[in-house]
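Quick notes on the structure that follows.
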Amino acid sequence: MRILAIESSCDETAAAVIKDGRQILSNIIDSQAETHALYGGVVPEIASRGHMQAVVRVTEAALREAECTRNDIDAVAATCAPGLIGAVLVGANFGKALALSLNKPFIPVHHIRGHIAANYLIYPELEPPFLTLVASGGHSLLVMVHGYTDFEIIGGTRDDAAGEAFDKTARVLGAGYPGGPKIDALAQKGDPKKYRLPQSHVKDAPLDFSFSGLKTAVINLVHNAEQKGEEIDRASVAAAFQAAVVETLVPRLGLAVRQTATDNLVCAGGVAANSSLRTALERLAAEQHCKLFLPPPALCGDNAAMIGAQAFYEFQAGHLGHSGQNAYATAEITENICQKNG
Ligand code: KG4
Ligand code: ZN
């Protein structure tokens with residue numbers, strides 16, 4: 001089965017053709033990052049307009065690269081939640097209309113389910129059940145994946161997502177946008193022990209965590225230094241911040257591995273591209289004797305291939321979009337977005 005998938009939930013307009021949920025026939029990503037960098041972050045209306053301009057071109061490129069015509073496609077999928085709503089609506093509405101015009105099924109996909117499914121494209125042997133750490137710009141969750149469309153949230157952030165914390169820290173340090181890769185690079189040149197930054201603990205919830213205190217600590221550190229006229233070692237602040245994020249996520253993941261007695265540990269989302277997190281995850285998997293599934297950095301960030309992978313399993317579960325299918329700014333990973341009201 002060939003699925004044409006569209007992704008437009010943030011600042012990447014992407015289209016891909018995926019065979020049977022596992023094989024990438026094409027994967028086109030058109031990033032608006034340079035435009036948003038001028039503003040220091042994603043400007044929602046500019047993102048929506050950018051998707052509007054790019055979506056046809058990107059879809060045609062995906063079909064061309066897959067050596068397919070529209071008639072060779074068996075279904076059309078699109079991210080329908082969560083994300084910047086104006087941005088999500090462009091890809092979702094385009095996908096739905098394309099499916100209608102081709103008289104083919106439309107498959108709405110939850111973006112975070114898609115991030116997890118990126119792993120199916122790289123690891124043919126990976127099947128649920130498994131434990132996942134999802135760390136993206138909008139989400140930081142520990143998820144037990146019981147089946148391809150059966151998810152249980154077992155922990156997560158109480159406030160900021162990991163990627164959000166990276167982006168805010170980068171802004172405070174003047175490191176640029178998008179923040180994650182900039183902090184990752186800057187941290188290589190710093191000493192993580194030079195500055196002490198706090199770690200969060202959520203009382204009576206050992207698998208939950210928080211990043212807002214860490215973010216505030218970085219802001220205070222930089223502002224205090226500025227007020228005293230002191231030079232701040234930006235690379236060492238970046239290194240200390242990155243180490244604090246890794247030391248927040250990885251031990252909780254370790255605890256979740258023991259609690260769930262899982263053999264398979266999956267990581268997904270933009271922050272999974274972080275070099276220091278990847279090293280720590282490899283160490284954790286070796287210590288806990290479990291197999292680590294970690295997509296290559298190019299498939300950690302937003303793309304449509306992952307949407308096409310998850311769409312195959314949503315299709316198999318009978319989760320098809322109806323004529324009134326809507327898109328949503330927020331939706332839990334546990335929700336079936338085909339049945340969501342409104
Ligand atoms: O999954 P994603 O591409 O989009 C969302 O669904 O949010 O994640 C984007 C986030 C951004 O916050 C970005 O700064 C972060 O992932 N990110 C990284 C790295 N590459 C991207 N964070 C840390 N280190 C990286 N190398
Ligand atoms: Zn994403």
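The values are calculated or read from the model by the stated rules, or taken from the named source; none is laboratory data. As the structure is a computational prediction, the values presented were derived from the model and not from experiment. Methodologically, a virtual Cβ is constructed for each residue, glycine included, from the backbone with ideal geometry; neighbour enumeration extends over all protein chains shown.
Taking the range 1-38 only, how many residues are part of a loop (DSSP other than H, G, I, E, B) and without any contact (Cβ under 8 Å) to a residue 60 or more places away in the chain? Qualifying residue count for the region: 2. Would a scan of the range 72-89 turn up a residue that is without any contact (Cβ under 8 Å) to a residue 40 or more places away in the chain, away from ligand 2 (no atom under 16 Å from the Cβ) and either of a type outside the set (A, V, I, L, M) or closer than 22 Å to T330 by Cα (or both)? The answer is no; no qualifying residue exists.
Within the range 211-231, none of the residues are closer than 13 Å to I154 by Cα and touching a strand residue (DSSP E or B) at 6+ places or on another chain (Cβ under 9 Å).
So that you can scan it fast, the table gives a plain yes or no per residue for (1) farther than 30 Å from T35 by Cα; (2) surrounded by 23 or more Cβ atoms within 10 Å (Cβ to Cβ); (3) modelled with pLDDT of 95 or more; (4) under 20 Å from the mean Cα position of the chain (by Cα):
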site: L142; (1), (2), (3), (4): yes, yes, yes, yes
site: D191; (1), (2), (3), (4): yes, no, yes, no
site: R196; (1), (2), (3), (4): yes, no, no, no
site: H201; (1), (2), (3), (4): yes, no, no, no
site: A239; (1), (2), (3), (4): no, yes, yes, no
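From the list A285, A268, the lone residue that is closer than 28 Å to L186 by Cβ and either in contact (Cβ under 8 Å) with a residue 60 or more places away in the chain or within 12 Å of ligand 1 (Cβ to nearest atom) (or both) is A268. Within the range 121-128, is there a residue that is β-branched (V, I, T), in contact (Cβ under 8 Å) with a residue 12 or more places away in the chain and either surrounded by 21 or more Cβ atoms within 10 Å (Cβ to Cβ) or within 16 Å of ligand 2 (Cβ to nearest atom) (or both)? No; the residues of the range 121-128 include none that is β-branched (V, I, T), in contact (Cβ under 8 Å) with a residue 12 or more places away in the chain and either surrounded by 21 or more Cβ atoms within 10 Å (Cβ to Cβ) or within 16 Å of ligand 2 (Cβ to nearest atom) (or both). Considering (1) outside any loop (DSSP other than H, G, I, E, B); (2) within 10 Å of ligand 1 (Cβ to nearest atom); (3) closer than 28 Å to E335 by Cα, the lone condition that G156 does not fulfil carries the number (2). Sort out which residues of the range 126-145 are in contact with a Phe, Trp or Tyr (Cβ under 9 Å, 6 or more places away or on another chain) and more than 16 Å from ligand 1 (Cβ to nearest atom), and write them in order of number. If the condition is that a residue be in contact with a Phe, Trp or Tyr (Cβ under 9 Å, 6 or more places away or on another chain) and more than 16 Å from ligand 1 (Cβ to nearest atom), then L126, E127, P128, F130, M144, V145 are the ones that fit.
When A170, A175, A162 are checked against the criterion of being under 17 Å from the mean Cα position of the chain (by Cα) and surrounded by 20 or more Cβ atoms within 10 Å (Cβ to Cβ), a single residue qualifies: A162. Quick check on L249: is it within 24 Å of G213 (Cβ to Cβ) and crowded, with 20+ Cβ neighbours inside 10 Å? Taking the combined requirement at face value, the residue satisfies it.
When restricted to residues that are crowded, with 16+ Cβ neighbours inside 10 Å and either under 19 Å from Y313 (Cα atoms) or charged (D, E, K, R) (or both), the range 27-47 contains 2. Within the range 98-112, the set of residues being in contact with a strand residue (DSSP E or B) (Cβ under 9 Å, 6 or more places away or on another chain) and either part of a helix (DSSP H, G or I) or more than 16 Å from ligand 1 (Cβ to nearest atom) (or both) comprises L98, A99, L100, L102, K104, P105, F106, I107, P108, H111, I112. Here F151 does not qualify as within 15 Å of ligand 2 (Cβ to nearest atom), within 17 Å of the chain's Cα centre (by Cα) and among the aromatic types (F, W, Y). If only residues of the range 9-49 that are more than 16 Å from ligand 2 (Cβ to nearest atom), farther than 30 Å from E127 by Cβ and among the polar types (S, T, N, Q) are counted, the one that is modelled with the lowest pLDDT is T35. The set of residues in the range 42-84 being touching an Asp or Glu at 6+ places or on another chain (Cβ under 7 Å) and either among the aromatic types (F, W, Y) or in a loop (DSSP other than H, G, I, E, B) (or both) consists of V42 alone.
Any residue in the range 313-336 that's within 16 Å of F151 (Cα to Cα) and touching a residue at least 24 places away in the same chain (Cβ under 8 Å): show its pairings with residues that are of a type in the set (K, R) and in a loop (DSSP other than H, G, I, E, B) at Cβ separation under 8 Å, as long as the two are six or more apart or on different chains. What qualifies is A331/K340. Scanning the range 249-265 for residues that are without any contact (Cβ under 8 Å) to a residue 60 or more places away in the chain and either under 16 Å from the mean Cα position of the chain (by Cα) or within 15 Å of ligand 1 (Cβ to nearest atom) (or both) gives a single hit, V250.
Of everything in the range 276-299 that is of a type outside the set (A, V, I, L, M) and surrounded by 14 or more Cβ atoms within 10 Å (Cβ to Cβ), the residue that is nearest to S31 (Cα to Cα) is P297.
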